[in-house]
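The values are calculated or read from the model by the stated rules, or taken from the named source; none is laboratory data. It should be emphasised that the depicted structure is a prediction, and the values quoted were computed from it without experimental measurement. Here the Cβ positions follow ideal geometry from the backbone for every residue, glycine too, while neighbour counts run over all protein chains shown.
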Amino acid sequence: LVANQAIKSQARYFSPSLNKVILMGNVGQDPKIIQFENGKKLATFSLATSRRYKDGEGNLVEQTEWHKVRFNNEKAELVERLIKKGALVTIDGSIRYDSFNKDGVEIHTTNILATNFEIKAFPKRVNPEEQAEGQSGEDA
């Protein structure tokens, strides 16, 4: 009986929670790197995730969500070297809600503070000659 009361008492003060995000999608642009005066780095990029479904009329619809992803310090250095626009990556981390004041207006942002990533597929490299041909407007 005493042990049960102690557990119930602790439960009021300790509530387990979890803020964990796992996303897989395509990188929207090359990462933006910021280096601070103390030498630490921040890497940010957008990540597109999509889902497909049929609407009420049976039409296939694709909905894309864009996520702002951030990596700090050593992981930011890896991101800078390895991740490029178009790469298919899996990231895990947590959701962060931030706000700041800009010109007297409070701006709210939602970011993914990522801790790990795995590159699933590298972007297709385009040969400069192929790119020039593709932009000429001529049919093959």
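For the structure I just gave you, tell me whether Ala43 is of a type in the set (A, V, I, L, M, F, W, C), touching a helix residue (DSSP H, G or I) at 6+ places or on another chain (Cβ under 7 Å) and closer than 18 Å to Val21 by Cβ. Here the answer is yes, as Ala43 does meet what is asked. Any idea which residue in the range 10-32 is modelled with the lowest pLDDT, counting only those that are surrounded by 10 or more Cβ atoms within 10 Å (Cβ to Cβ) and small (Gly, Ala, Ser)? Per the stated criteria, the residue is Ala11. For the range 107-129, which positions are modelled with pLDDT of 95 or more and acidic (Asp, Glu)? Matches in the range 107-129: Glu118 only.
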